[in-house]
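Below: one structure, written as structure tokens.
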Amino acid sequence: MDPFATLGLPRRYDVDPGELDRRYRELQKALHPDRYTGAGASERRMSLSKAVEVNEAYRVLRDDVKRAEALLALLGPAPGGERETVSSEFLMEAMELREALADAKHARDLSQVQRLAARAEALWAETRRQLAAVFSSLAQSAAPAEVACARALVNQLKYHQRLLDEVSLIREEAEAS
Amino acid sequence: MAYSKEVIEHYEQPRNVGTLDKEDPTVGTGLVGAPACGDVMRLQIKVNPETNVVEDAKFKTFGCGSAIASSSLVTEWVKGKTIDEALTLKNSQIVEELNLPPVKIHCSVLAEDAIKSAIADFRKKQAERNGERKAENAAPAAQPSQGGK
């Protein structure tokens, strides 16, 4: 499935969020079951499955990681199968950040959580920026080295995302208690 | 998705959570990650260099319940084994013991990678140390010529 085609958007990493929302709402309206009350059973089924596809495409394109993965999937399967890695330096840093965050959570040190969150956000934004740059050069030509670089950056983005998810959980817990 | 009771047991009471000194020459550290889900796992073993028996094992895993249970189980299994025995560990044994569903098999693969990489790290350190010892032994013989009598 090509979520870009489903929503009628150009196949590129930088999507305009306003445009994305607008396309989504238009299709939602056009495919709404109320519009098919008089239609035949097969037409109703078709519109329903199309609506499901539109929802899924929207969910993918709205998400910075999933949208990147969708673009990469459209470029072809990953070389070397499913086993993907990040560098050991990167892993070490990821481990240190996760440990520091776990310690801060345990100590209920919210200002330390805040500092780590700021660091993770900066890393996330920088990786996101690099990824957008790689994808824009991929739009010209899909050189294997560039594709590999994009894959590595998506993986890094997922690690940063996980850290930020953990930060949100800690904040929610702190607010609840 | 429901976790098996074996996974829940290890998840709620993980064995051997902690850290060993990674600068210790008898400690091997394996750090692995699963980019697909952003999991990161560190598994460490302390090995008796005379007998090659794993005397202690610790892990720290940031990931899902299955990843935590897999690494917890591996630390339990390898303690008291020689590193050669520990190397024969297969992820399928973890899958079987923990009743992991197909979508969680990658967690057991991660734990197998972690123990293999910890053993490789220990062996590398030992080889370096042995190399240094040889250099030390060779040093006195070289001294007279340095004296330049």
Where in region B:1-80 are there GluC sites (Glu not before Pro) that are in a DSSP coil and have at most 16 other Cβ atoms within 10 angstrom of their Cβ? B:23, B:50
Over the Cα atoms of the protein assembly as shown, Rg to Rh with Kirkwood Rh, two decimal places? 1.10
With +1 on the Cβ of every Lys and Arg and -1 on the Cβ of every Asp and Glu, and nothing else charged, how large is the dipole of region A:88-176 about its Cα centre, in debye rounded to the nearest 20? 240 debye
How far is helix B:65-78 tilted off the main Cα axis of chain B, in degrees rounded to 10, range 0 to 90? 50 degrees
On average, how much area does the Cα convex hull of region A:54-153 cover when viewed from any direction, in nm²? 8.2 nm²
Is the shape of region B:1-41 best called rounded, prolate or oblate, per the rule: a/c under 1.5 gives rounded, else a/b larger than b/c gives prolate, else oblate, with a ≥ b ≥ c the square roots of the Cα gyration tensor eigenvalues? oblate
Using only C-alpha atoms and all pairs of different ones, pull out the Kirkwood radius for region B:5-129 in Å with one decimal. 14.1 Å
Please report, in whole Å, how far the alpha carbons of chain A spread along each principal axis, starting with the longest. 62, 49, 29
Dipole of chain A, positive direction: furthest Cα of A:90, A:127, A:78, with charges on the beta-carbon: A:78
Nearest-10 value in Å² for the accessible area of residue A:149, using the 1.4 Å probe: 50 Å²
Here the relative contact order (percent) of region A:2-72, from C-alpha pairs under 8 Å and at least 6 apart, is 45 percent
Could you go through region A:100-112 in sequence order and give the Karplus-derived ³J(HN,Hα) for each residue, using 6.51 cos²θ - 1.76 cosθ + 1.60 with θ = phi - 60°, rounded to whole Hz, and x for Gly and Pro? 4, 5, 5, 5, 4, 5, 4, 7, 6, 8, 5, 6, 5
The size of the Cβ-based charge dipole (Lys, Arg +1; Asp, Glu -1) of the protein assembly as shown about the Cα centre, to the nearest 20 debye, is 560 debye
Once you have a ≥ b ≥ c as the square roots of the Cα gyration tensor eigenvalues for region A:3-62, tell me rounded if a/c is under 1.5, and otherwise prolate or oblate according to whether a/b is larger than b/c. prolate
Alpha carbon centroid spacing (whole Å) that separates region B:31-86 from region A:123-139: 35 Å
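The values are calculated or read from the model by the stated rules, or taken from the named source; none is laboratory data. This is a predicted model, so every value here is computed, not measured. Cβ atoms come from the backbone with ideal geometry, glycine included; neighbour counts cover every protein chain shown. All accessible areas refer to the heavy atoms of the entire protein, side chains included, with ligands and DNA or RNA removed. Shrake-Rupley method; radii C 1.70, N 1.55, O 1.52, S 1.80 Å.
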